[in-house]
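Values in this text are rule-based calculations from the coordinates and carry no lab data. Predicted, not measured: the structure shown is a model, and the values here were computed from it. No Cβ is skipped: glycine too gets one built from the backbone with ideal geometry, and neighbour counts run over all protein chains shown.
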Amino acid sequence: MAAYSFGWREGAEAGGKGVRQALTVLGARAAGADAGAGVPGAVAVELVHAFSLLHDDIMDGDATRRGRPALWKAYGTGPAVLAGDALFALAVGVLADVPGGVRLLSGALADVLRGQADDLLFTSRPWTGPEAVTPEEYRVMAEGKTGALLGCSLALGALLGGAPRPVVAALDRAGRHAGVAFQLADDVLGIWGRPEVTGKPVGGDLREGKRTYPVLAALAAPEGARLPGLLRRQRTAQAAALIEAAGGRDAALTEARAHMAAARTLLDGLPLEPGAAAELGALLDALADRER
């Protein structure tokens, strides 16, 4: 099951983009260490990321990932849950001998779980009114669900590379900002992305009633008054068109750029190895500027 989730099985599509392990290795290099110093952290964060995806697909009821059946559809819900738990146990074992490593990883994972819980609970709240989800609540959710592990990736690499504690903490914050930007870009792809590229069905977030940032921004516009009715009737194509016309897509991309600028400001203020810092900046920029 682990081989299937990583795309290692014969005939399987290669799994993932490698973003988190790349951030960990760059974090070690940015601290002045050899790239190999960050490898244990890179392995650990990728194992945790894979674990979170397995459980995420089950919670969201997503039947496909990367163009093929999700693990729970291929093997069953119970086995998929256990496979995710096993990946997490392996991640902890990888960092068992790294001073401060397990504490850093477990803290990030607690934030991931909190963000996942908020994401699930948001769907039970009304679309409008005083109990509706606010943009600030979304930001906190996105920082936990997506930003915490990106921040942990950078921080773990820096920790393994011997960086001082303030640098490790600042890289964690930069990664969290980048994670919010990544989630915002993912929200855009969740509505307007191409299934053959994203590996997920078009309009899935709208059908599930997710409170993504484009939806929240559109609801705040005068045109947004019609949106809840379209979503309740599962008129996803019409809802997507209304969200774009109401400025939801542009608002999400603008917010993503703002968070990426905050991440770059943090990086520019740190004493990082120049070559690694330049590569890190280029990678972070790409996270929030995905066309696919």
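Assorted remarks:
- Database remark: amide H of Arg65 closer than 5 angstrom to the amide H of Ala70 (H placed geometrically; neighbours at sequence offset of 5 or more, or on other chains; Pro and chain starts carry no H).
- Put the Cα centre of segment 205-242 next to the Cα centre of segment 66-137 and the gap is 25 Å.
- Cβ-based net charge around Ser153, under 11 Å, with every Lys or Arg adding one and every Asp or Glu removing one: 0
- The aspartates and glutamates within cross-link reach of Lys73, meaning a Cα-to-Cα straight distance under 15 Å and a gap of 8 or more places when in the same chain, are Asp56, Asp57, Asp60, Asp62.
- Helix-only [θ]222 nm of the chain, DSSP H runs n ≥ 4, -39500 (n - 2.57) each, per residue, nearest 500: -21000 deg cm²/dmol
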